[in-house]
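Take a look at the structure set out below.
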């Protein structure tokens, strides 16, 4: 410690002449850097722990989620900006209807759930198998009951690290690789999180089930969150989805299952799919892809 003290004094003093760092100087500087890094990590982990506890408590009910939302807005938008308590009370009074709206409250609960999963992913090292299960459950809770939001899902579309919940606890800078920051990025959630563990484990029935959900969930925003009343019947976007995108996704499902190892069942369904969708714009492309997958390599044929 004495060596670090004198070294700091030396570095802080005006430089009278250029000097090279000695081996001892370098060692002391690295030692100090390591301590600073450890201290910074401890602070971050402390913030994550405190935030996670608050998020879990707020997920218990719609009312609790709304209460935490108000507290976070107060901190981020008023306390941190040194705005008066009167301004906060005026804001809260003006937003009374929005804060009491059941759809908004439910949206915040789902937002907190995905934010909590995101924090777990930030701490997770290596395999995300358990997180994949939790991600699938979170998707089912959102897309399995799309009417619960009354079409108000804009909050769920934003990255959870940019929400007032994250910023209030100093977690806005949290970064992750291959982790969708919004649960409404359904395609990315399935492709990056849910499918890979099932492929590795060769759980073909479960993989097929999750693929079927992905196809179904892709339709949900068009049917329930587009601002139209579902009672009015399919919109042009829904009809286009049914005619073009859904068959394309179903083809991708069977191709993925074939490549994962469920060859016989997937190959039969791929052929049936082509036959049922001969007028689809990609039918010829599917046929060419099917031939490449199923036809044995020429070298093997010659043998």
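Just so it is clear, none of the values below were taken in a lab; they were calculated from the coordinates. Fair warning: this is a prediction, and the values are worked out from it, not measured in the lab.
Quick notes on this one:
- Inter-part distance where region 162-184 and region 111-134 are each reduced to a Cα centre, Å: 12 Å
- Along its three principal directions, the equivalent ellipsoid of region 224-288 from the Cα gyration tensor extends over semi-axes of 29, 14, 9 Å, largest first.
- Reduced Cα scattering model of region 48-142, Debye log10 I(q)/I(0), q = 0.17, 0.18, 0.21 Å⁻¹: -0.82, -0.89, -1.07
- For region 90-160: rounded, prolate or oblate by the Cα gyration tensor [a/c cutoff 1.5]: oblate
- Over region 180-301, the alpha carbon radius of gyration divided by the compact-protein estimate 2.2 N^0.38 Å works out to 1.20.
- Histogram of C-alpha separations across region 138-177, 10 Å bin width, %: 26, 40, 31, 3
- Legend: Rg and Dmax of region 115-199, from Cα coordinates, 13.0, 38 Å.
- Taking a ≥ b ≥ c as the square roots of the Cα gyration tensor eigenvalues, region 171-248 comes out oblate, since a/c reaches at least 1.5 and a/b does not exceed b/c.
- Overall form of region 89-233 per C-alpha gyration tensor (a/c, 1.5; a/b vs b/c): oblate
- Stretched out straight at 0.36 nm per residue, the stretch from residue 82 to residue 223 would grow longer than its current Cα-Cα span by 46.4 nm.
- Extension gain, residue 21 to residue 120, is 31.5 nm, computed as 0.36 nm per intervening residue step minus the present C-alpha separation.
- Stretch gain in nm, segment residue 94-residue 259, where the contour uses 0.36 nm per residue and the Cα spacing is subtracted: 53.8 nm
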